[in-house]
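Everything below concerns the one structure shown next.
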There are 2 protein chains.
Amino acid sequence: MKKLCEFTKEELLEFYNDTQSRYDEFKARGLTIDMSRGKPGPEQLDVAQAEFAKAFELTDYRSKTGFDCRNYGMLDGIAESKELFASLLGVEPKNIVIGGNASLELMFSFISQCCSHGIAGCTPWSKLDKVKFIAVVPGYDRHFAIAEYFGIKMVNVPISETGPDMDMVEELIKDESVKGMFCVPKYSNPDGFTYSAETVERLAKMQPAAKDFRVIWDNAYIIHDLYDTSDELVNIFDAAKKYGTEDNFVEFCSTSKITFPGSGVSALAASDNNIKEILSRLTVQIISYDKMNQLRHSCVFPDVDSLKAVMKKHADVLRPKFDAVLEVLEAELGGLGIASWHKPNGGYFISLNVDTGSAKYAGQLCKEAGLTLTGVGATFPYKNDPDDRNIRIAPSYPSVEDLKASAELLCIAVKLAAAKALL
Amino acid sequence: MKKLCEFTKEELLEFYNDTQSRYDEFKARGLTIDMSRGKPGPEQLDVAQAEFAKAFELTDYRSKTGFDCRNYGMLDGIAESKELFASLLGVEPKNIVIGGNASLELMFSFISQCCSHGIAGCTPWSKLDKVKFIAVVPGYDRHFAIAEYFGIKMVNVPISETGPDMDMVEELIKDESVKGMFCVPKYSNPDGFTYSAETVERLAKMQPAAKDFRVIWDNAYIIHDLYDTSDELVNIFDAAKKYGTEDNFVEFCSTSKITFPGSGVSALAASDNNIKEILSRLTVQIISYDKMNQLRHSCVFPDVDSLKAVMKKHADVLRPKFDAVLEVLEAELGGLGIASWHKPNGGYFISLNVDTGSAKYAGQLCKEAGLTLTGVGATFPYKNDPDDRNIRIAPSYPSVEDLKASAELLCIAVKLAAAKALL
């Protein structure tokens with residue numbers, strides 16, 4: 001197939017007009033489809049709810065240590081939950097704190113603590129003139145929103161199939177005002193890249209100028225595979241141990257996309273030093289998180305294998321959705337040289353990179369025809385994609401039928417934007 | 001009966017020796033009783049769990065607005081929960097935000113926001129040299145811990161049967177560095193006092209020098225009556241409306257002591273302005289709280305009357321416990337002039353005020369005989385009771401038998417401490 005940039009003026013005009021007709025037809029259909037967020041679909045929630053039937057029949061709410069989970073106490077979580085997450089993350093239970101329903105809240109509160117009180121005996125970030133974070137881009141908008149809220153200046157570092165550009169990272173951490181970094185190391189949001197063993201090794205090896213440099217290691221998609229083969233991610237704490245840099249990393253995850261979004265259980269893993277500091281704050285912030293929910297989760301999921309088993313059921317729902325979008329992308333955009341994307345092995349997104357300067361316009365065309373995408377630009381700090389190239393596709397929530405229509409409309413919009421720029 | 005201070009030297013010595021013998025007998029029994037925290041007893045948790053049987057059978061998790069509570073969204077809570085708490089607190093649903101399992105966390109995060117970002121367009125408290133809070137004493141140690149954590153200097157204002165000393169409060173708020181105040185206005189922790197209508201009116205009328213003065217109105221025991229007659233507390237927002245001071249108050253409550261401690265639902269009520277600022281932070285902090293738990297709560301408790309009905313069951317469990325302690329206090333200490341206490345109509349505590357300078361010693365004697373009380377001094381900021389007088393008794397958790405023994409031991413310790421001081 002000929003690339004769009006190789007089209008003659010005449011061919012391009014015909015291409016534009018044909019595409020415009022298809023767009024007008026779509027617009028006339030009056031679609032209203034929301035593909036903006038990585039929300040599990042209702043079928044997935046039914047899967048989770050079915051698993052929980054026996055948990056809701058629980059009559060004995062004692063933890064295996066005998067503790068009554070209905071009452072106050074157990075700030076860092078019940079033994080079962082700590083063991084489950086320890087096993088999932090490959091750390092010891094003593095290095096786990098179980099949170100509430102949201103790992104985002106655990107991240108927010110940790111960064112808030114670094115700002116108000118400092119970490120590792122260093123000056124609180126709020127008392128410093130300049131605090132910077134490395135933002136791996138494109139990335140997760142809610143990470144960026146936390147940094148922006150606390151006045152932390154973000155510096156973009158691009159991601160590729162192997163993870164963040166480590167040459168840039170290693171240069172940036174020589175600056176003492178660079179205090180941390182957001183990473184989604186497996187099935188990165190939105191590209192679905194998994195950091196290579198070499199990238200993890202180089203991250204573990206880092207000796208940042210700032211003693212209080214902290215990587216927010218958001219392992220949101222740790223077992224969120226779409227196919228039978230899973231991407232392999234090296235355990236960050238195993239790697240860090242070799243270099244004595246365990247304090248540099250705080251890992252987060254949750255069951256939001258395993259059980260219920262908003263009613264799951266979150267957890268963090270950290271070094272002894274970081275756990276001690278986090279608990280010294282938590283003991284003021286809350287008496288204990290929801291241990292009845294922790295126990296229900298442990299009743300349904302006694303071990304990591306049981307978690308992986310339910311993830312296969314989620315994958316069975318999600319795979320046709322991802323496949324539907326990828327097929328349309330390939331059929332509509334393949335070979336035209338106006339867009340590129342990665343076929344992810346897991347996670348919740350497909351990241352579409354279009355011609356520089358045309359993403360916003362394509363997003364606007366979609367919106368006018370009834371399709372809501374993640375706000376174009378939102379995958380970058382300050383909602384500013386400097387190249388105006390990235391569009392995040394969230395295939396999890398709509399039906400396969402709606403996804404096919406949405407993907408087609410999106411491709412039409414991308415074609416129109418590209419052709420318009422060339423005309 | 002003769003007061004202890006009127007005893008002759010001989011009588012006092014005999015009194016001391018008799019009491020010492022009783023103490024030694026207690027010590028020999030090797031008790032281990034924990035009366036330190038306001039934890040509901042297991043019987044109360046059984047009451048709550050029985051109520052929840054039908055909630056755990058829920059199969060349709062849609063809110064009445066049709067929203068699927070199993071998924072992300074509804075940052076400020078589902079309609080049912082907002083209406084329930086609005087009705088409980090006497091405000092409009094738009095002035096309610098539903099939180100997670102802990103009202104303490106809502107308070108912590110609100111104060112954290114005032115420190116990091118400021119409120120009402122004022123300078124963030126963390127940027128000011130001096131920030132002070134009025135601490136109504138004796139009071140709740142976890143309030144004081146939040147202020148201490150954020151470096152807010154606390155100024156003690158004593159409480160009496162009508163509430164805080166309002167003359168002192170009205171004087172203190174002329175100081176612009178006084179930014180707020182902790183209040184437990186009904187069945188205050190630990191005394192069980194309920195603020196009088198006049199006190200609430202004077203609080204509502206306040207025009208503090210600081211535009212960002214905020215009262216943490218912790219209505220923790222709003223329907224937590226022990227007897228058929230409830231203390232009446234004037235609705236703070238009704239009172240404030242008359243003076244246009246609604247922004248001065250943020251009200252908090254939860255179902256921790258109605259349903260499950262740690263697995264209940266919390267809420268805050270605030271003015272339109274404060275709600276807007278709180279939501280602007282929450283939208284960064286979390287995607288949504290646990291709406292499945294919100295829905296379960298609304299399934300069991302569709303209205304305030306149903307909440308009040310279960311509180312009667314809790315009262316049936318708690319009343320004999322409070323009565324047991326009060327009977328022993330009266331029998332052992334009545335008329336001796338060495339201790340005073342208030343018989344509360346609700347709440348979770350009995351506050352015992354002993355001779356100046358003898359509370360710590362009495363607490364130590366109890367501890368040595370196996371009875372753990374709330375750390376003596378903990379009812380004051382910085383764990384420092386300047387008069388060393390106050391002992392908080394938490395009768396909710398132990399059995400009636402254990403409470404009788406505990407109260408007797410406590411009285412013996414108080415007597416020993418008083419007699420020792422006089423000898």
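The values are calculated or read from the model by the stated rules, or taken from the named source; none is laboratory data. All values reported here derive from a predicted model rather than from experimental measurement. Don't worry about glycine lacking a Cβ; one is built from the backbone with ideal geometry, like all the others, and counts go over all protein chains shown.
Is at least one residue of the stretch B:100-112 over 19 Å from the mean Cα position of the chain (by Cα) and under 27 Å from B:K257 (Cα atoms)?
Of the residues in the stretch B:100-112, the ones over 19 Å from the mean Cα position of the chain (by Cα) are B:112.
Going one step further and asking which of them are under 27 Å from B:K257 (Cα atoms), we end up with B:112.
Yes, there is a match, as at least one residue in the stretch B:100-112 is over 19 Å from the mean Cα position of the chain (by Cα) and under 27 Å from B:K257 (Cα atoms).
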Checked against (1) touching a helix residue (DSSP H, G or I) at 6+ places or on another chain (Cβ under 8 Å); (2) modelled with pLDDT under 95; (3) within 30 Å of B:R392 (Cα to Cα), B:S36 satisfies every condition except (1)
Can you tell me which residue in the stretch A:276-314 is farthest from A:L75 (Cα to Cα), limited to those that are hydrophobic (A, V, I, L, M, F, W, C), surrounded by fewer than 19 Cβ atoms within 10 Å (Cβ to Cβ) and more than 14 Å from chain B (Cβ to nearest Cβ)?
-> A:A309
Given the structure, is B:G77 among the small types (G, A, S), on the phi > 0 side of the Ramachandran plot and either at pLDDT 95 or above or not assigned by TED's automatic domain parsing to the domain that holds B:D272 (or both)?
-> yes
Could you say whether any residue in the stretch A:78-89 is more than 10 Å from chain B (Cβ to nearest Cβ), surrounded by 19 or more Cβ atoms within 10 Å (Cβ to Cβ) and part of a loop (DSSP other than H, G, I, E, B)?
-> yes
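Only one of these is within 11 Å of chain A (Cβ to nearest Cβ), modelled with pLDDT of 95 or more, surrounded by fewer than 16 Cβ atoms within 10 Å (Cβ to Cβ) and assigned to a helix (DSSP H, G or I): B:D18, B:D24, B:D46. Name it. Before you say what the answer is, go through the steps one by one.
Working: B:D18 fails: within 11 Å of chain A (Cβ to nearest Cβ); B:D24 fails: within 11 Å of chain A (Cβ to nearest Cβ).
Being within 11 Å of chain A (Cβ to nearest Cβ), modelled with pLDDT of 95 or more, surrounded by fewer than 16 Cβ atoms within 10 Å (Cβ to Cβ) and assigned to a helix (DSSP H, G or I) holds for just one of B:D18, B:D24, B:D46, which is B:D46.
Would you confirm, using the coordinates I've provided, whether B:L31 is under 28 Å from B:A394 (Cβ atoms) and in the same structural domain as B:S340 (by TED's automatic domain parsing)?
Working: under 28 Å from B:A394 (Cβ atoms): yes; in the same structural domain as B:S340 (by TED's automatic domain parsing): yes.
Judged against the criteria, B:L31 is a match.
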Test A:I393 against the stated conditions and say whether it is over 24 Å from A:F133 (Cα atoms), under 16 Å from the mean Cα position of the chain (by Cα) and aliphatic (A, V, I, L, M).
-> yes
Single unsatisfied condition, A:L333 versus (1) over 19 Å from the mean Cα position of the chain (by Cα); (2) surrounded by fewer than 22 Cβ atoms within 10 Å (Cβ to Cβ) | (2)
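Quick check on the stretch A:123-146: of everything there that is part of a loop (DSSP other than H, G, I, E, B) and in contact with a helix residue (DSSP H, G or I) (Cβ under 9 Å, 6 or more places away or on another chain), which residue is surrounded by the most Cβ atoms within 10 Å (Cβ to Cβ)? Please lay out each step first, then the result.
Going through the stretch A:123-146, the residues part of a loop (DSSP other than H, G, I, E, B) turn out to be A:123-124, A:128-131, A:138-140.
Cutting the leftovers down to in contact with a helix residue (DSSP H, G or I) (Cβ under 9 Å, 6 or more places away or on another chain) gives us A:124, A:131, A:139.
Numbers: A:P124: 16, A:V131: 23, A:G139: 26.
Ranking the candidates gives A:G139 first.
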Candidates A:T8, A:T59 - the one that is of a type in the set (S, T, Y), more than 33 Å from the chain's Cα centre (by Cα) and within 11 Å of another protein chain (Cβ to nearest Cβ) = A:T59
For the stretch A:130-146, how many residues are within 13 Å of chain B (Cβ to nearest Cβ) and more than 15 Å from A:F252 (Cβ to Cβ)?
-> 4
Can you name the number of the only condition in (1) away from chain A (no Cβ under 14 Å); (2) touching a helix residue (DSSP H, G or I) at 6+ places or on another chain (Cβ under 8 Å); (3) hydroxyl-bearing (S, T, Y) that B:T229 fails?
-> (2)
May I ask you to list the residues in the stretch A:158-189 that are within 20 Å of the chain's Cα centre (by Cα) and either farther than 15 Å from A:I216 by Cα or outside the structural domain of A:N235 (by TED's automatic domain parsing) (or both)?
-> A:P158, A:I159, A:S160, A:E161, A:T162, A:D165, A:M166, A:Y187
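Considering only residues of the stretch A:147-195 that are among the small types (G, A, S) and buried (at least 19 other Cβ atoms within 10 Å of the Cβ), which is farthest from the other protein chains (Cβ to nearest Cβ)? Reasoning before the result, please.
Here is the first cut: in the stretch A:147-195, the ones among the small types (G, A, S) are A:147, A:151, A:160, A:163, A:177, A:180, A:188, A:192.
Checking the rest, the ones that are also buried (at least 19 other Cβ atoms within 10 Å of the Cβ) come to A:147, A:163, A:180, A:188, A:192.
On the way: A:A147: 10, A:G163: 26, A:G180: 17, A:S188: 19, A:G192: 20 Å.
Ranking the qualifying residues of the stretch A:147-195, first place goes to A:G163.
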Screening B:D290, B:D316, B:D303 for residues that are among the acidic types (D, E) and within 27 Å of B:L403 (Cβ to Cβ) leaves only B:D316
Considering only residues of the stretch A:170-212 that are among the small types (G, A, S), without any contact (Cβ under 8 Å) to a residue 60 or more places away in the chain and assigned to a loop (DSSP other than H, G, I, E, B), which is farthest from A:L352 (Cα to Cα)?
-> A:A209
Residues in the stretch B:62-77 that are more than 33 Å from the chain's Cα centre (by Cα) and either closer than 23 Å to A:A53 by Cβ or facing chain A (nearest Cβ under 8 Å) (or both): how many?
-> 4
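What's the total number of residues in the stretch A:27-43 that are away from chain B (no Cβ under 12 Å) and assigned to a loop (DSSP other than H, G, I, E, B)?
Looking only at the stretch A:27-43, we keep the residues that are away from chain B (no Cβ under 12 Å), and these are A:27-33, A:35.
Checking which are assigned to a loop (DSSP other than H, G, I, E, B) leaves us with A:30-32.
Residues meeting the conditions: 3.
Could you say whether any residue in the stretch A:356-373 is of a type in the set (D, E, K, R) and either touching a Lys or Arg at 6+ places or on another chain (Cβ under 6 Å) or crowded, with 18+ Cβ neighbours inside 10 Å (or both)?
Of the stretch A:356-373, the ones of a type in the set (D, E, K, R) are A:360, A:367-368.
Filter once more, keeping what is either touching a Lys or Arg at 6+ places or on another chain (Cβ under 6 Å) or crowded, with 18+ Cβ neighbours inside 10 Å (or both): none.
No, the stretch A:356-373 contains no residue that is of a type in the set (D, E, K, R) and either touching a Lys or Arg at 6+ places or on another chain (Cβ under 6 Å) or crowded, with 18+ Cβ neighbours inside 10 Å (or both).
Right, B:A53: crowded, with 18+ Cβ neighbours inside 10 Å and facing chain A (nearest Cβ under 10 Å) or not?
Values: crowded, with 18+ Cβ neighbours inside 10 Å: no; facing chain A (nearest Cβ under 10 Å): yes.
Considered against the rule, which asks whether it is crowded, with 18+ Cβ neighbours inside 10 Å and facing chain A (nearest Cβ under 10 Å), B:A53 comes out as no.
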Looking at the stretch A:95-110, is at least one residue surrounded by fewer than 23 Cβ atoms within 10 Å (Cβ to Cβ), more than 30 Å from A:A79 (Cα to Cα), touching a residue at least 60 places away in the same chain (Cβ under 8 Å) and away from every other protein chain (no Cβ under 14 Å)?
-> no
Name the residues in the stretch A:36-60 that are within 24 Å of A:F322 (Cα to Cα) and hydroxyl-bearing (S, T, Y), would you?
-> A:S36
